[in-house]
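Let me begin by presenting the structure, written as structure tokens, before commenting on it.
The values are calculated or read from the model by the stated rules, or taken from the named source; none is laboratory data. No experiment lies behind these values; they were computed from the predicted model shown. Please note: Cβ atoms are built from the backbone with ideal geometry, for glycine as well, and neighbour counts cover all protein chains shown.
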Amino acid sequence: MGARFTGWGIALPDRIVTNDELSKTLSTSDAWIQERTGIKERRIGGTVTSLGAIAGRAAIDDAGVNASDIDFLVLATSAADRITPATSAMVAHEIGLSCPAMDVNAACSGFMYAVRTAQGLLETGNKRVLVVGSEHLSRFVDWNDRNMAVLLADGAGATVLEYDPTENDILSFSLGVEGADAELLTCEHEGYFRMDGAEVFRRAVRVVVESSEKAMAMAGITSDELSLIIPHQANIRIIQAVCQRLNIEMDRAVVSLDRYGNTSSASIPLAFDDARKNDRIHKGDYALLTGFGAGMTWASAVVQWSK
Ligand code: UT7
């Protein structure tokens, strides 16, 4: 059986916050942020519900179907608008879905975890699943903490995954979590994101490389055969280190963090959108989608676009 990506959509707040703007209130600089992270600016605003609904509706339109054709909504977020109800209930209501809906929280791996969940839902009788990654991280940023304030941002991305008896886009998955490392990146109720950045950096490179190698081995391909790597957008230096270890030249990596910062579970679909707008998605090509985040979670998949 196959699962095909049939539509994609994104949502970004209008408000652009540049590094220079952050430098007015924080002890940082445009030069430091660009050199150490690759980020030039980010978008701030909206809610998980509002951004998720816009991205979800765009993905449904792009797939050429109606809200009534969606059998399940899986919404990945690490910044739910409320503890309860699940934000997916509000997104489903705004889009006009009448199907079941649930949230998934696997931090920055969330979109890939949600795609894996959707794949399972298709295997058990559902025809179309809407997967949304939506984040309003700025709400949980301490704007006096330069460690986090320069990194995190808001946005959403979505895809429609459709059952197909003959074609299959998702060739392999390698996911995991190491709860022993959970204290490295946390956000308490009513609190702010806190991170041991250097240690998260080291572990991120290791788990992304290991899970990517596993996913490629399972798919029966080597990194030479990849047209693109669409990685979680946390830090350009993480992407460079991963590509170097996997023998992937940087011109095969999709980078959108320069404009959007780290949008956690929205970052992979936002990067996909960037690649598509730049005509980098071609039928038959192999791509590696890979993410990591708090937990520590990780998730890598090899896809072959059928569209
Ligand atoms: O998406 C989920 C996971 N998140 C990540 O993957 C993030 C992973 N970590 C990182 O991206 C990087 O570790 C950071 C961007 C967070 C930090 O970069 P770094 O190169 O690891 O910096 P560092 O923490 O080692 O700090 C180097 C220096 C320090 O100064 P001293 O001690 O050398 O004088 C920091 O105090 O840079 C200083 N620094 C800053 N300076 C200006 C730290 N943050 C800033 C800042 N602006 N925003």
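In this structure, does Ala294 turn out to be within 14 Å of the ligand (Cβ to nearest atom), under 27 Å from Ala180 (Cβ atoms) and of a type in the set (Gly, Ala, Ser)?
Answer is yes for this residue.
Consider Ile70 against the criteria (1) more than 30 Å from Thr166 (Cα to Cα); (2) touching a residue at least 60 places away in the same chain (Cβ under 8 Å): it satisfies all of them except one. Which criterion is unmet?
(1)
Would you confirm whether or not the stretch 120-130 contains a residue that is of a type in the set (S, T, N, Q), modelled with pLDDT of 95 or more, assigned by TED's automatic domain parsing to the domain that holds Val160 and in contact with a helix residue (DSSP H, G or I) (Cβ under 6 Å, 6 or more places away or on another chain)?
No, there is no match, as no residue in the stretch 120-130 is of a type in the set (S, T, N, Q), modelled with pLDDT of 95 or more, assigned by TED's automatic domain parsing to the domain that holds Val160 and in contact with a helix residue (DSSP H, G or I) (Cβ under 6 Å, 6 or more places away or on another chain).
Mind checking which residues of the stretch 190-210 are farther than 13 Å from Gly293 by Cα and modelled with pLDDT of 95 or more?
Those that are farther than 13 Å from Gly293 by Cα and modelled with pLDDT of 95 or more: Gly191, Tyr192, Ala198, Val209, Glu210.
From the list Gly155, Gly110, pick out the single residue that is on the phi > 0 side of the Ramachandran plot and in contact with a Ser or Thr (Cβ under 9 Å, 6 or more places away or on another chain).
Of the residues listed, the single one that is on the phi > 0 side of the Ramachandran plot and in contact with a Ser or Thr (Cβ under 9 Å, 6 or more places away or on another chain) is Gly155.
Hey, does the stretch 15-26 have a residue that's closer than 30 Å to Ser98 by Cα, among the hydrophobic types (A, V, I, L, M, F, W, C) and assigned by TED's automatic domain parsing to the domain that holds Leu130?
No: the stretch 15-26 contains no residue that is closer than 30 Å to Ser98 by Cα, among the hydrophobic types (A, V, I, L, M, F, W, C) and assigned by TED's automatic domain parsing to the domain that holds Leu130.
List, please: which pairs have Cβ atoms under 7 Å, are six or more places apart or on different chains, and start with a residue in the stretch 94-106 that is over 28 Å from Ser300 (Cβ atoms) and end with one that is small (Gly, Ala, Ser) and modelled with pLDDT of 95 or more?
Close Cβ pairs (under 7 Å, with a partner that is small (Gly, Ala, Ser) and modelled with pLDDT of 95 or more) amount to Glu94/Ala53; Ile95/Ala53; Ile95/Gly56; Ile95/Ala67; Gly96/Ala67; Leu97/Ala67; Ser98/Ser68.
Looking only at the stretch 172-203, which residues are aromatic (Phe, Trp, Tyr), within 11 Å of the ligand (Cβ to nearest atom) and more than 28 Å from Val302 (Cα to Cα)?
The one that is aromatic (Phe, Trp, Tyr), within 11 Å of the ligand (Cβ to nearest atom) and more than 28 Å from Val302 (Cα to Cα): Phe193.
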